[in-house]
Amino acid sequence: MCGIVGAIAQRNVSQILLEGLSRLEYRGYDSAGICTISDGEQHCIKTTGKVKNLKEAVKEKGCPGFIGIAHTRWATHGIPSETNAHPHICENLALVHNGIIENFASLKEDLLKQGYQFKSQTDTEVLVCLIHSHLKNSSSVFEAFKKALKEVKGSFGLALIDKNDPDTLYAARSGSPLIIGLGIGENFIASDTLALLPVTRRFIYLEENELAVLTTEEVNVYDLEGNKLEKQIVESDLDAESISKGKFRHFMQKEIYEQPQSLRNTLLGRLNGDDISLETVVGADENTFRNISSIQIVACGTSYHAGLVGRYWLEELTGIATNVEIASEYRYRKAVVRDNSLFITISQSGETADTLASLRLAKEQNYSKTLSICNVNGSSLVRESDFTLFTKAGAEIGVASTKAFTTQLLSLLILALIIGKQNGSISAEKNHEIIEAIRKLPSLAEEFLSCDKLIATLSEQFSGKRHCLFLGRGVMFPIALEGALKLKEISYIHAEGYAAGELKHGPIALIDKEMPVVVVAPDNSLMDKLISNVEEVRARGAQLYIFKSGNTVIKSDGQTNMLSLPDCPEILQPILFTIPLQLLSYHCAVINGTDVDQPRNLAKSVTVE
């Protein structure tokens, strides 16, 4: 969600800050702002809408300074407006904030009694005033910062500057990600490494309840008690190309087409004959998963759908009972945990608030091991898990997840093979068969992309449609859920995914000639059952869009659009059939004229509850 960039340098930092905000636009936001300090004066500019509006305002008004902070806001407390946009200022202090201060109302009440007045509806303005109130009785801004943070409840990533001390930049993190970028004679902070790639590749990741003090020459990190901490410096391997559209119209389109290479990257160095390298799961050895009795998967959104597919593979290939749950639900119920249970979290960013909170809860429960499936090295989820399986998808900018999802699926299949081999539940023949199929996956993904033009033409029939139903059976049911999610989030067509066998239990009431129904129909053991469900839909006059492969035989007529896809091994069908559904949602969004990469009200990384 919201984005933070801060800089202290021996040069004007406004362009660094604005470029950083541009690179964080994918996170989702509704307003933006910047504050720099020059000659003892604050220069604060805020706008609603896109970062380009802020850039134009800065160009017109000027925003000089060798120190500054900037922010893109996704509204929580208070409507999107210039008044509610960050940075928020209280006298000499300016603050930007990601997260939510849960006890802001009681803090605000106390501050009102002290004579503070508030212009905005935000919790952030309360926080900067709280810091200012402590500054009256503190020896330094650092001391006031520490005192204030001990009073707040909730989550935060913060950047603070003081016009009376333009040589120091302050930062803090609890629950909301924040990283420090290291330069030569200059240092930076941001909520994502992508924001700082033009100026550095060397980073320090702040942990929970850590504060940082940055000058042009040094960076010091402390805990909330003021104890100095030693921090590891990590070098990023991301490059500028990963955040460029290249020849593509949108990041989502580019990332759909990057999937063959992303899948190759997921496999790179991990397959050795019929063996999967133990280094595939960071920290694991040949006994890590040998005595696992049950598996709990927790995730959100698209990652949750990946977990649902993973359950089929894990139970089939390992014989271990597997449960999958939405993180925001799991964290608020009393879970019964068996001995020797494995807790798996799935997240593209590794900073998803509910998933991270669920992991922390799991560590207080009886789980014997925790494992994260994640795309971002150094993320909170990775650092706090016992083991990690990196998806290696590369940077994903489009809000609607594409290559992150398919690489999560492949990672789950690889994990099922590792666990199955360790506990002896998978035969050598079955293991060989699946490994050989996996080797072909990237080239098969390229074949599935060849249907793009056909789907672009097909999608024209969705113009003006308001509702859509996606159907699948067995392991393809979660793929129907994912197809519906993609369509609704970027084209704004209301779409639902259903298990086809559930039609008669309610959703068939919605079907008429105005309702497009997309059926995911690979050639597999449930095909006869699915054909019966298709006939139920056909009898109600719906317009059918059937994505089929292999020897699937479904009657074709005037109300049925049949898209024949390349044949592929059954074990890979969930991964590969995802690709044409992504293309369908993409082209429908383009036809509807929506903001494909930054759909309304959505954020790429949901870092608040």
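Rule-based calculations on the coordinates, nothing more; no lab input. On a predicted model such as this, the values are computed, not experimentally measured, just so you know. Glycine also receives a Cβ, built like all others from the backbone with ideal geometry; neighbour counts cover every protein chain displayed.
Going Cα to Cα from residue 113, which lysines come in below 30 Å? Please leave out same-chain ones fewer than 8 positions away.
Output for residue 113: 46, 136, 146, 147, 150, 153, 163.
Determine the shape class of the range 452-592: with a ≥ b ≥ c the square roots of the Cα gyration tensor eigenvalues, call it rounded for a/c under 1.5, and otherwise prolate if a/b is greater than b/c, oblate otherwise.
Working: a/c = 1.40, a/b = 1.11, b/c = 1.26.
It comes out rounded by the Cα gyration axes.
Any chance you could give the angle, 0 to 90 degrees and rounded to 10, that helix 51-61 forms with the longest Cα principal axis of the chain?
20 degrees
In sequence order, what are the phi-derived ³J(HN,Hα) couplings for the range 140-154 according to the Karplus relation 6.51 cos²θ - 1.76 cosθ + 1.60 with θ = phi - 60°, rounded to whole Hz, with x for glycine and proline?
7, 4, 4, 5, 5, 4, 4, 4, 5, 5, 6, 8, 8, 10, x
If packing is taken as the mean number of other Cβ atoms within 10 Å per residue, what is the order of 144-155, 293-304, highest first?
293-304, 144-155
Report, in degrees rounded to the nearest 10, the 0 to 90 angle that the Cα long axis of helix 353-364 makes with the longest principal axis of the chain.
Approximately 90 degrees, to the nearest ten.
What distance in nm lies between label points placed 7 Å from Cα along the C-beta direction at residue 528 and residue 227?
Reported label-point gap for residue 528 and residue 227 is 6.7 nm.
Taking each pair of different alpha-carbon atoms in the range 246-448 once, compute 1/r for the pair, average those values, and report the inverse of that mean as the Kirkwood hydrodynamic radius in Å to one decimal.
17.0 Å
Of all beta bridges DSSP finds with both residues in the chain, what is the antiparallel percent, to the nearest 5?
So the antiparallel bridges in the chain amount to around 60 percent.
Suppose a student asked you for the relative contact order of the chain, using Cα pairs under 8 Å spaced at least 6 residues apart; what percent would you report?
12 percent
Run through the DSSP bridge list for the range 245-359 and note the antiparallel percent, rounded to the nearest 5. Could you put the intermediate results ahead of the total?
On the way: 2 of 14 bridges.
Expressed as a percentage, antiparallel bridges in the range 245-359 total about 15.
List every residue whose amide H lies under 5 Å from the amide H of residue 391, counting only residues 5 or more places away in sequence or on a different chain, with H placed 1.01 Å from N in the peptide plane.
Under 5 Å from the amide H of residue 391 lie the amide H atoms of 374, 375, each far enough along the sequence or on another chain.
Defining a contact as two alpha carbons under 8 Å apart and six or more residues distant in sequence, what relative contact order in percent does the range 143-207 show?
Once normalised by length, the contact order is 26 percent.
Using Cβ counts within 10 Å as a stand-in for footprinting exposure, how do 282, 141, 199 rank, fewest first?
Values: 282 16, 141 22, 199 19.
Result, fewest neighbours first: 282, 199, 141.
Out of all DSSP beta bridges with both ends in the range 246-448, state the antiparallel percent to the nearest 5.
In the range 246-448, approximately 15 percent of DSSP beta bridges are antiparallel ones.
What FRET efficiency, computed as 1/(1 + (r/R0)^6) with R0 = 30 Å and r the Cβ-Cβ distance, is obtained for residue 553 and residue 432, rounded to the nearest 0.05?
Approximately 0.45, to the nearest 0.05.
So what are the ³J(HN,Hα) numbers for the range 305-311, from phi and the Karplus equation (6.51, -1.76, 1.60; θ = phi - 60°), rounded to whole Hz, Gly and Pro as x?
4, 4, x, 4, 5, x, 4
Tell me the angle of helix 477-491 to the major Cα principal axis of the chain, expressed in degrees between 0 and 90 and rounded to the nearest ten.
50 degrees
For the peptides 108-120, 43-55, 486-498, what is the packing order when you average, over each peptide's residues, the other Cβ atoms within 10 Å and list the highest mean first?
486-498, 43-55, 108-120
How big is the gap, in Å, between the Cα center of the range 425-491 and the Cα center of the range 52-90?
41 Å
Using per-residue counts of other Cβ atoms within 10 Å, averaged over each peptide, order 558-565, 376-383 from highest down.
Output ranking for 558-565, 376-383: 376-383, 558-565.
Going by the alpha-carbon gyration tensor, a ≥ b ≥ c the square roots of its eigenvalues, is the range 3-239 rounded (a/c under 1.5) or, if a/c is not under 1.5, prolate (a/b greater than b/c) versus oblate?
rounded
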